[in-house]
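The values are calculated or read from the model by the stated rules, or taken from the named source; none is laboratory data. Keep in mind it's a predicted model, so treat the numbers as computed, not measured. Here the Cβ positions follow ideal geometry from the backbone for every residue, glycine too, while neighbour counts run over all protein chains shown. Calculation scope for accessible area: heavy atoms of the full protein, side chains included, ligands and nucleic acids excluded. Shrake-Rupley method; radii C 1.70, N 1.55, O 1.52, S 1.80 Å.
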Amino acid sequence: MSGEVLCRNGKFTLAVNPGLSEDRRLMVLETADGSVMAVMTPALADRLGLHRQSGLSEPLLRGTLREAGIVLHGADYIFYFSEAAKRALGQETPAGVVRRLTAEDEAAFAGFQSSASEQDLDDAYVELDHWAVFGSLEQGRLVCAASMYPWQNARVADLGVLTLLPFRAQGHARKVVRAISRHACEQGYEPQYRCQLDNQASAALAEAAGLSLFGKWEVISPDAGE
């Protein structure tokens, strides 16, 4: 929201920012308190004629997008650690066999990936060469892993987590999420946890790991065209 504000109407704000990348040229964020913030490139705002509209609101914006054939990708929940939760996180000692993974764990990680479905691997996007990777082991076997990569334009570290099916609902993911999030905080980053709205298990994990709902985030679909 660092660009020019075109409209501020109650809990709705629209801004334009020429620094947005092509795949993020339109984003909408609805925070937990019901506020809605939309940001887009000036070129897209000109195309939609938004500079000429007065009394713009969220419903009017969404109607304008529909008329122009612009589709938003399915929304994600975004979770974060409150300041109190981060303080508790920093005082916690990791439970169980949870540790940071390195290149020396390549064989164990390859075995872990081979035991997961392609869909789970795609959804979680956990990779050993990411900025930070943590795992939980049971009897020497890697059964849960989480990885993070930092955003380029903000001190935010986005995380993904995956637990092998036979080891779910045993607390592994909660421990790993908290361990990797503690590491991110120690490096000066804000941990960010995202999941799709219909992924109830992932949303429940975020709550169990001590995260709070920040809001719902929508991005222009890759299929939206020009």
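What to note about this one:
- Flag for Leu56 being surrounded by 14 or more Cβ atoms within 10 Å (Cβ to Cβ), hydrophobic (A, V, I, L, M, F, W, C) and not in a strand (DSSP E or B): yes
- Considering residues of the stretch 69-85 that are open to solvent by 40 Å² or more (accessible area, probe 1.4 Å) and outside any strand (DSSP E or B) only, the residue modelled with the lowest pLDDT: Gly74
- Annotation: of all residues in the stretch 206-226 being crowded, with 17+ Cβ neighbours inside 10 Å and over 14 Å from the mean Cα position of the chain (by Cα), the one that is farthest from Ala88 (Cα to Cα) is Ala224.
- Lone unmet requirement of (1) among the aliphatic types (A, V, I, L, M); (2) touching a residue at least 40 places away in the same chain (Cβ under 8 Å); (3) surrounded by fewer than 15 Cβ atoms within 10 Å (Cβ to Cβ); (4) part of a helix (DSSP H, G or I) for Val176: (3)
- Neighbours by Cβ (under 6 Å, 6+ apart or cross-chain): first from the stretch 1-28, over 18 Å from Ala75 (Cα atoms); second open to solvent by 40 Å² or more (accessible area, probe 1.4 Å) and assigned to a loop (DSSP other than H, G, I, E, B): Ala15/Met1
- Yes/no for Leu142 being open to solvent by less than 50 Å² (accessible area, probe 1.4 Å), modelled with pLDDT of 95 or more and not in a loop (DSSP other than H, G, I, E, B): yes
- For the residues Glu22, Glu30, Glu106, the requirement of being of a type in the set (Asp, Glu), open to solvent by 80 Å² or more (accessible area, probe 1.4 Å) and modelled with pLDDT of 95 or more singles out Glu106.
- Yes/no for Arg168 being over 17 Å from Ala203 (Cα atoms) and either exposed (fewer than 12 other Cβ atoms within 10 Å of the Cβ) or among the basic types (Lys, Arg) (or both): no
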